[in-house]
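Take a look at the structure below.
Coordinate-derived values only; no laboratory data. These numbers were taken from a predicted model, which means no experiment stands behind them. Ideal geometry is used to build each Cβ from the backbone, glycine not excepted, and the neighbour counts take in all protein chains shown.
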Amino acid sequence: MAQIDAFFKLMHEQGASDLHLIAGQQPILRIKGELERVKYKVLDNDGLKAMLYEIAPENKVKTFEETGDVDFAYEIPGLARYRANFFQQKYGVGAVFREIPSKILTCEDLGLPRVIKRLAQLPRGLVLVTGPTGSGKSTTLAAIIHEANHTRKDHILTIEDPIEFVHQSAKAVVNHREVGVHTKSFSAALRGALREDPDIILVGELRDLETISLAIEAASTGHLVFGTLHTTSASKTVDRVIEVFPENQQEQIRNTLADGIRAVIAQTLFKRRDGSGRVAALEIMIATPAVRNLIREGKTFQIPSMLQTGQKYGMQTLDDAIMELLKKKIITAEDAYTKANEKQVFLPYLKNPPADFTEV
């Protein structure tokens, strides 16, 4: 048993989502969204480095020594998998571990809107799940892939860095590929994927022009493609995808994206007011003909109003989702106000509303 495994067991027992091990500080757990220090000695650089290197593959240690940061996955059988990131900082090494539950939660377990589950049955197209780091994108995608795995006789191919949720083949055949281990890059894996007879492709992160271009191409040639971006709303997601391309290609990409896009889910996590954990508020855009026209015409600023009028298709704005959680007393008015887009709507629910409701 590796020395660090004791911290992972503590993390699991405490229900923590993340573990921070940083030279010059005590270990830190993120529990229900807040950081809490562990009653343990301050970690020294040499001791922490030895602890971290004990679980890292040799090639990952080499990459870390050369570049100053690296990602990989670590698993304790019977407990959980962990997404690891090592980095260099002012006082030495640091590492953050995210726990990936061995049991994949379903759409029902997560309380996701019914339209999210239906996305697993799409024959083709591009579905983007977006949000800040740590907003639960991977968990939502895992639930959708789980649904497809148990209902479709198809080939599901995941490309991640590192592999997070592991799906055992059910009705579908599932293959997992890890960037840096099984393939050189996201783009290389996507190019290869088109020759591997996939029906559904999950791309862990659309992080560069080539990967985004290949994902759009795959979605346009009869594949169902799921991917993630670090954007905060449906309209900003569409803009982000288009703006990655050179200006002289953007009109063509706007048309191609309008044809291929099926949905955008932008999510934000909130602490439950009863302290029992966290819950996601989702902005949902479904690509109706009207939404596609807005994308083609470069009028993405009108998408929020389209979300408000598209409830019969399962669409909703982030603020509508937040308001629903607030009215059900799942989250506090203060948290709702802090993360809402139109903050003035939530002012009446505050006990002590600020005189100035700007971000400052």
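Farthest towards the positive end of the charge dipole of region 25-69, among the residues 57, 47, 26, is the Cα of 26, using unit charges on the Cβ of Lys, Arg, Asp and Glu. The residue among 289, 189, 275 whose Cα reaches farthest toward the positive pole of the charge dipole of region 107-345, with charges on the beta-carbon of Lys, Arg, Asp and Glu, is 275.
Work out the length of the dipole vector of the chain about its Cα centre, built from +1 on the beta-carbon of each Lys and Arg and -1 on the beta-carbon of each Asp and Glu, and round it to the nearest 20 debye. Provide the component values of the computation, followed by the final result.
Values: 45 positive and 46 negative charges, 217 e Å.
For the chain, the charge dipole is close to 1040 debye.
With 21 Å as the cut-off, how large is the P(r) tail for region 5-101, expressed as percent of Cα-Cα pairs? Considering region 5-101, 28 percent of its Cα-Cα pairs are separated by more than 21 Å. Shown here: region 232-360, whose C-alpha atoms stretch 50, 31, 25 Å along the first, second and third principal axes, sorted largest to smallest.
Of the trypsin sites (Lys or Arg not before Pro) in region 263-355, the ones in a loop by DSSP (not H, G, I, E or B) with at most 13 other beta carbons within 10 Å are 299, 328, 329, 351. The listed peptides 105-115, 91-101, ordered by packing as a protection proxy, come out as 91-101, 105-115 (highest mean of other Cβ atoms within 10 Å first). Close amide-amide hydrogen proximity is noted between residue 278 and 272, each under 5 Å apart and 5 or more residues distant or on a separate chain (H modeled in the peptide plane; Pro and chain starts excluded).
Taking the Kirkwood radius as Rh and the Cα radius of gyration as Rg, the chain has a ratio of Rg/Rh equal to 0.97.
Only one residue of 131, 145, 94 has its Cα farthest out toward the positive end of the dipole of region 59-164, where Lys and Arg carry +1 and Asp and Glu -1 on Cβ, and that residue is 145.
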